[in-house]
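First the structure, in the form of structure tokens, and then the observations on it.
Every number in this text was worked out from the coordinates using simple rules, so none of it is lab data. The structure presented is a predicted model; accordingly, all values stated were derived computationally and were not measured. All Cβ positions, glycine included, derive from the backbone under ideal geometry; neighbour counts span all protein chains shown.
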Amino acid sequence: MSSGAVAGLFKRVGFAVFSAVQDDKPRLRAGLRKTVQGVMAISIPAMLGLLTVAEPLVLTFFGDAWRPSIPLLRILCLVGLVWPLHVVNLSVLLAQGHASLFFRIEIAKKGVGTIAFLSAAPFGLEALAWSQVVYASACFALQAFYTGRLLGYGVLAQIFDCLPWAVAGILMAASVWALQLVLTVPVAGILAAQIVLGATLYLGFCVAWDPSLIREVMSAIVSRREVSKA
């Protein structure tokens, strides 16, 4: 599941939940906190895992001719890491009916995006990719700043709630990277071994840390499928 799909899933499910409790700030804050934890519990391992296996993945499915794209893919994984947080914070602001605030934020975001793009454009594709990391981070910071003002759950609080998953994701990625250094099998075999090891380590952490979160994420996915079929 891509970072965009994860963000879209929680945007749909989260918006409905946020709208239902928009007048109850404690419940809205609790729902937002759980959503942030849920979306990042998926996004962090997905994006860090993709960043780590970028080389064997590209070489296996696209061949050596695509090797120059590997650094770009790794940078864009950092965009995917941050973007779901932006989407979740955007959803909670929309659910509360802050249309004028949403408009002002969008104007500010477009300004930041334009400046980042124009500043990076003369320096090539990698610089443009890094400009998107800056843009995604700025979007999250801007949205979460107002979430903090309205609900008392801002940038630092959200980052703190993501730390357990970030630590687990980093340890998982480091283990997967080390596997790439010691294996001498063909590149497709390395990729398969990395995926199995990464998934096993991260799921083990999730079960040990907060098994209820896995159930809630799966429930959100099932809910989305049922809505799609209706």
Inset, instruction - For each of THR184, THR60, THR200, count neighbouring Cβ atoms within 10 Å of the residue's Cβ, then give the residues from fewest to most. - result: THR184, THR200, THR60
Inset, instruction - Using θ = phi - 60° and the Karplus relation 6.51 cos²θ - 1.76 cosθ + 1.60, list the HN-Hα couplings for the range 183-196 in order, rounded to whole Hz, with x at every Gly or Pro. - result: 6, 10, 7, x, 4, 5, x, 4, 4, 4, 5, 5, 5, 5
Inset, instruction - Please work out the C-alpha center-to-center distance from the range 84-112 to the range 113-130 and express it in whole Å. - result: 23
Inset, instruction - Rank the residues ARG74, ARG27, ARG149 as a footprinting-exposure proxy: fewest other Cβ atoms within 10 Å of their Cβ go first. - result: ARG149, ARG27, ARG74
Legend entry - Vicinal HN-Hα couplings computed from phi for the range 140-147 (Karplus, 6.51 cos²θ - 1.76 cosθ + 1.60; Hz; Gly/Pro x): 4, 4, 5, 5, 5, 4, 6, 4
Inset, instruction - Could you bin all the Cα-Cα distances of the range 61-107 into 10 Å bins starting at 0 and give me the percent of pairs in each, rounded to whole numbers? - result: 21, 31, 21, 17, 10, 0
Inset, instruction - List THR35, THR114 from most exposed to least, where exposure is judged by having the fewest other Cβ atoms within 10 Å. - result: THR114, THR35
